[in-house]
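Read the structure below first, then the notes.
The values are calculated or read from the model by the stated rules, or taken from the named source; none is laboratory data. Computed from a predicted structure; not experimentally measured. For neighbour counting, all protein chains shown are included, and Cβ atoms are generated from backbone atoms with ideal geometry for every residue, glycine included.
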C-alpha cells in the first residue's frame, strides 16, 4: 500500500505566519532595546513618576500630565517624534509588534490573490483594510 | 553545540537583568518615592517574573495568557483598568503572533476558516474597544464598576467552562453541511503526525459561527482578554472542526482580531512601556516554557490551580464592582 503524503499547505497561511512572526519578534527586540535605554537614561515620561502613578491607580491622562508635563495624553503615534527617548523607542517596538498582523494580512491577501482564492480575497481585503485603518489612527477612542 | 531558542532567550534575559540591576541600583537608591518600595528597574523585573509565571500556568491550563493576565491584574493590582485592558490585549496578541507560525506552516490552522472568522471577529473587537472607551468616558465610576462586575462574572464563567468543558470532541462527525458553508468551501485537510495520516475534515453551521464570532470580538475588545476560550468551542462544538484545528485557528485568530482592538487603545495613549514591555516579555517567555513543560508535568494539578485562581480573581472583581456601584 502506498504511504500517504502530507497535503500541500496553503501558501497564504505560510506568508501570513512568516510575516507576522518575524515582525512581532522584531518589535519585541526593539522594545527591549528601548526599555534598556529607558532604564539607563530615563525617557519622555519620567519612569519613577510613571511607576508611582501607575501604582496609585491614576488614569491615562493623569499619568501623562504628571510625568510628561502635558495637559492630556499624547494621542496617536506620539513616539515617532520622540525617538531620542528610551520609552518612545520601546513604544515604537510595541507598535511594530502590533503592526505584524497588519502587514501579515496584506501579505496573506497577496498570497490569496495569487492562489485565486475567490471570495476569500474579499474577506482578507476587508480585514486588511480594518487593521490598516486602526493602525493609522483613523479608529480612535473619543472621550 | 546547538543552543535551543529558549536557552538563548533565557541568556539574553539574564544578561539584561544583570546589566540593568548593575546600572539601576544606584538610581533606585536615589529615588525618594518608590511604589511598593521598588525602583522602576525592580518593578520591571518583578512584572517580567509574574507574567512569565502567568504564561507558564496559562499554557499548562490550556488557556491563553491574556485571559489570565487581565482579571488577575485588575483584581489584585491598583493599576487603572483601562491601562490593564490595553496591555492585556497587547499580551494576548503578541503571544498569538509568535505562536501562529508553526500552526500555519503545518496547515493545522485553516486559513480559509481564519479569513472567514476574522471579518466578524475583527470588526466587533474594534467595536468592543470603542465601547470600552465610551463606557469609561461617559459612565465614569459607574462604568468602571460595571466593567469590573461583568468581567468578574465572565471570568467565573470561563473557569467553569474549563472545569466542565470536557465535552470537546477531537474529531467531530459532520453529518450535514448547510448550503452557505458548502458555498464557502471551508473543508480542508491536515497531516496528523500522531496517526501518520491525512485528516480530511468538513465544517458546518457557519452562519451561527458569524454571530458567535461577533460576540467573541466584543468581549475581547472591551475587556482586553484573548477570546481563545470562547473561539475553540465555537470552532469545535458549533462548526464541528477537529479539536486541533479549532485550537490552532483560534490562536492565530486572536493575533488578527486583537491587533485591530489594540490600536484604539494605543492611539489613546493607554500603553505605558514600563508596564507593557515587562508583561509582553514575561508572557512570551512563559508561554514558550509552558509549551515545553506541557509534555513533562501533570497538567491536572495546574488545571485545578488555574480554575481556582480565575474563580478567586472573578469573585474579587465582582465584589469590587458591586462595592463601587
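Residues of the stretch B:199-247 that are in contact with a strand residue (DSSP E or B) (Cβ under 9 Å, 6 or more places away or on another chain) and touching a residue at least 60 places away in the same chain (Cβ under 8 Å): B:203, B:240, B:241, B:242, B:244, B:245. Residue A:71: more than 20 Å from the chain's Cα centre (by Cα) and closer than 16 Å to residue B:83 by Cβ, yes or no? For residue A:71, the condition - more than 20 Å from the chain's Cα centre (by Cα) and closer than 16 Å to residue B:83 by Cβ - is not met. Scanning the stretch A:33-51 for residues that are within 7 Å of another protein chain (Cβ to nearest Cβ) and surrounded by fewer than 21 Cβ atoms within 10 Å (Cβ to Cβ) turns up A:36, A:40.
Among the candidates B:215, B:246, B:159, the residue that is modelled with pLDDT under 85 and either in a helix (DSSP H, G or I) or on the phi > 0 side of the Ramachandran plot (or both) is uniquely B:159. Of A:57, A:69, all but one fail to be on the phi > 0 side of the Ramachandran plot and more than 10 Å from every other protein chain (Cβ to nearest Cβ); the exception is A:69. The sole residue among B:95, B:107, B:88, B:75 that is surrounded by fewer than 24 Cβ atoms within 10 Å (Cβ to Cβ) and more than 9 Å from chain A (Cβ to nearest Cβ) is B:75.
Does residue B:277 fit the bill of being in a helix (DSSP H, G or I), facing another protein chain (nearest Cβ under 10 Å), within 19 Å of residue B:114 (Cβ to Cβ) and in contact (Cβ under 8 Å) with a residue 40 or more places away in the chain? The answer is no for residue B:277.
One residue is enough: does the stretch B:248-269 have a residue meeting the conditions out of contact with any strand residue (DSSP E or B) (no Cβ under 9 Å at 6 or more places or on another chain) and more than 13 Å from chain A (Cβ to nearest Cβ)? Among the residues of the stretch B:248-269, at least one is out of contact with any strand residue (DSSP E or B) (no Cβ under 9 Å at 6 or more places or on another chain) and more than 13 Å from chain A (Cβ to nearest Cβ), which makes the answer yes.
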